[in-house]
1. How would 78, 154 line up from fewest to most surrounding beta-carbon atoms within 10 angstrom?
2. With springs connecting C-alpha atoms under 10 Å apart, model the chain as a Gaussian network and identify which of 61, 17, 53 has the largest mean-square fluctuation.
3. In segment 95-113, which residues have a backbone nitrogen under 18 Å from the label point lying 7 Å from residue 180's Cα in the Cα-to-Cβ direction?
4. If N is the number of residues in segment 76-147, what value comes out of its Cα radius of gyration divided by 2.2 N^0.38 Å?
5. So what are the chain's ellipsoid semi-axes, whole angstrom, largest first, if each one is the square root of 5 times an eigenvalue of the alpha-carbon gyration tensor?
6. For the pair residue 60/residue 9, report the inter-label distance in nm, with labels modelled 7 Å from Cα in the Cβ direction.
7. Report, in whole Å, the centroid distance computed from the Cα atoms of segment 51-89 and segment 114-181.
8. Can you check how the C-alpha radius of gyration of segment 30-69 compares to 2.2 N^0.38 Å, as a plain ratio?
């Protein structure tokens, strides 16, 4: 369903489980950045009515997710701590094609958002099915379902505004790039991506 070229290394969940505090902290920041990215999309592409209408509720949902993860951190006796550099997202942004006008920029932004949501969905599924902590399994199942919807929404927006062939071609390029990137990134259990 997600079209990802390379699944997450199955060892990731075992590594992540040993540092679940770090995963939760990184997850909180991922949700905060998702809300911020949504606001940026609305501001940059305000003339695209469907973007404004679809992304506005997403911003509220992502901010709610941030608050939910903060609550989970507090419940477990962990503090948020400083934000970390997100190598995964930074590499996707570097892959973005520059120029080509506003529609091209919209396409690039929507596809990056879709890909981040797809990988997050895949990782949340792993956490929801493989963690020993049953409460966290339920916690991450809810996030998995939500991210799947976000992934689909961003792709649907791209197809709504841009030619289907252009979206398909660029989406495949992103999927290929992301698969190679996942293969080359160090396996870290303290990060969502």
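All of the numbers you see were taken from the coordinates with simple rules; none came from a lab. Quick caveat, the model's predicted, so the values are computed rather than measured. Note: ideal-geometry Cβ built from the backbone for every residue, glycine included; neighbour counts use all protein chains shown.
1. On the way: 78 16, 154 24.
In order of increasing Cβ crowding within 10 Å: 78, 154.
2. 53
3. Those under the cut-off are 95-98, 112.
4. Working: Rg = 16.1 Å, N = 72, 2.2 N^0.38 = 11.2 Å.
This ratio for segment 76-147 stands at 1.44.
5. Values: eigenvalues 157, 71, 41 Å².
Gyration-tensor ellipsoid for the chain: 28, 19, 14 Å.
6. 4.1 nm
7. Answer, in whole Å: 16.
8. Details: Rg = 10.0 Å, N = 40, 2.2 N^0.38 = 8.9 Å.
In units of the globular-protein estimate, segment 30-69 measures up at 1.12.
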